[in-house]
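Written below as structure tokens is the structure these notes are about.
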Amino acid sequence: MKRNIVIIGAGTMGNGIAHTFAQNNFKVTLVDINQSSLDKAIKTISNNLDRMVTKEKISIVEKNNTLNNITTNTNINSTPTDVDLVIEAATENLDLKMKIFKELDGYYASNTILASNTSSISITEIASSTNRSNKVIGMHFMNPVPIMELVEVIKGYETDLETLKFINNITKEVKKIPVEVNDYPGFIANRILLPMINEAIESLHHGVSSVKSIDTIMKLGMGHPMGPLQLADFIGLDVCLSILNVMYDGFKSPKYIASPLLKNMVLAGKLGVKSKEGFYDYSNNKKAEVVSKQFQ
């Protein structure tokens, strides 16, 4: 196994995946069309590593080695080609992913595995934009990537056993636990999680309870580390809406219809932590302590 990989997309998931591979002694090329996104990603990774040093989970030497293992690039077509794996972690948009995979397919050798970090979009459909459907697979990391152990490994219709075995092995190499799932909308994590989040939003919408009460009930009663409304803010309300739409389009079941409240919040630009307001107000800190004025 070659210990160098390419990651496409320097957002929250992309920089977390880059951090994880680099910390486990892989040489990582992180690609994004925006230089400012790449600079922000490196700063985020450095800050996260500093926190690990403070907690004595890693040494300063390990922090520096991790950062030295990452290079950045704004152009896919000038990245190293001697890689076994490219992981796409771009925005959750089918057209964009199809475009990226078509470009990757034309640039990398035919035996290079192309993986998508999509949280809900069909791997089979993404693979159809390439001439290597057997070498396309899903690697759905959980956020925050450096901390969460799970990776959903999604087999497309034509993904071969060699590709599946390679991805299971490399996932273990970076100290994550691969769990195999077949290619259906939402896979497993989001197929179960998003209807719960949506039901919490509907309960709020119909006045059954308040933001803090709904989250407290799920934390104390069900042992969840954060409530569903706080979690929705953390994921991003636009991402939640996108996943629900993918599942509704795929299954046509009313249980996946997004709450009108969720739709309105997204239209209003209230997307959660990233926009500094969702169900909670994050203008002063990223902790879900102050409920948004709309819900007080």
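The values are calculated or read from the model by the stated rules, or taken from the named source; none is laboratory data. Values in this document were obtained by computation on a predicted structure and should not be read as measured data. Don't worry about glycine lacking a Cβ; one is built from the backbone with ideal geometry, like all the others, and counts go over all protein chains shown.
Considering every residue within segment 28-45, establish whether at least one is under 19 Å from SER59 (Cα atoms), assigned by TED's automatic domain parsing to the domain that holds VAL174 and either assigned to a loop (DSSP other than H, G, I, E, B) or of a type in the set (Phe, Trp, Tyr) (or both). No, segment 28-45 contains no residue that is under 19 Å from SER59 (Cα atoms), assigned by TED's automatic domain parsing to the domain that holds VAL174 and either assigned to a loop (DSSP other than H, G, I, E, B) or of a type in the set (Phe, Trp, Tyr) (or both). Scan segment 144-154 residue by residue and report those that are crowded, with 16+ Cβ neighbours inside 10 Å and part of a loop (DSSP other than H, G, I, E, B). Within segment 144-154, VAL145, PRO146 meet the criteria.
For segment 269-284, the criterion of being surrounded by fewer than 21 Cβ atoms within 10 Å (Cβ to Cβ), in the same structural domain as GLY227 (by TED's automatic domain parsing), hydrophobic (A, V, I, L, M, F, W, C) and not in a helix (DSSP H, G or I) is satisfied by no residue at all. Across segment 173-195, the number of residues qualifying as assigned to a helix (DSSP H, G or I) and surrounded by 15 or more Cβ atoms within 10 Å (Cβ to Cβ) comes to 6.
Rundown of residues vs (1) over 20 Å from the mean Cα position of the chain (by Cα); (2) β-branched (Val, Ile, Thr), yes/no style:
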| site | (1), (2) |
| --- | --- |
| HIS206 | yes, no |
| ILE217 | yes, yes |
| MET226 | no, no |
| ILE235 | no, yes |
| SER242 | no, no |
| PRO254 | yes, no |
| TYR280 | yes, no |
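Name every residue in segment 252-268 that is assigned to a helix (DSSP H, G or I) and either surrounded by fewer than 18 Cβ atoms within 10 Å (Cβ to Cβ) or of a type outside the set (Ser, Thr, Tyr) (or both), in order of residue number. Break it down into steps so the answer makes sense when it comes.
Filtering segment 252-268 down to residues assigned to a helix (DSSP H, G or I) leaves 254-256, 260-267.
Across segment 252-268, the qualifying residues are PRO254, LYS255, PRO260, LEU261, LEU262, LYS263, ASN264, MET265, VAL266, LEU267.
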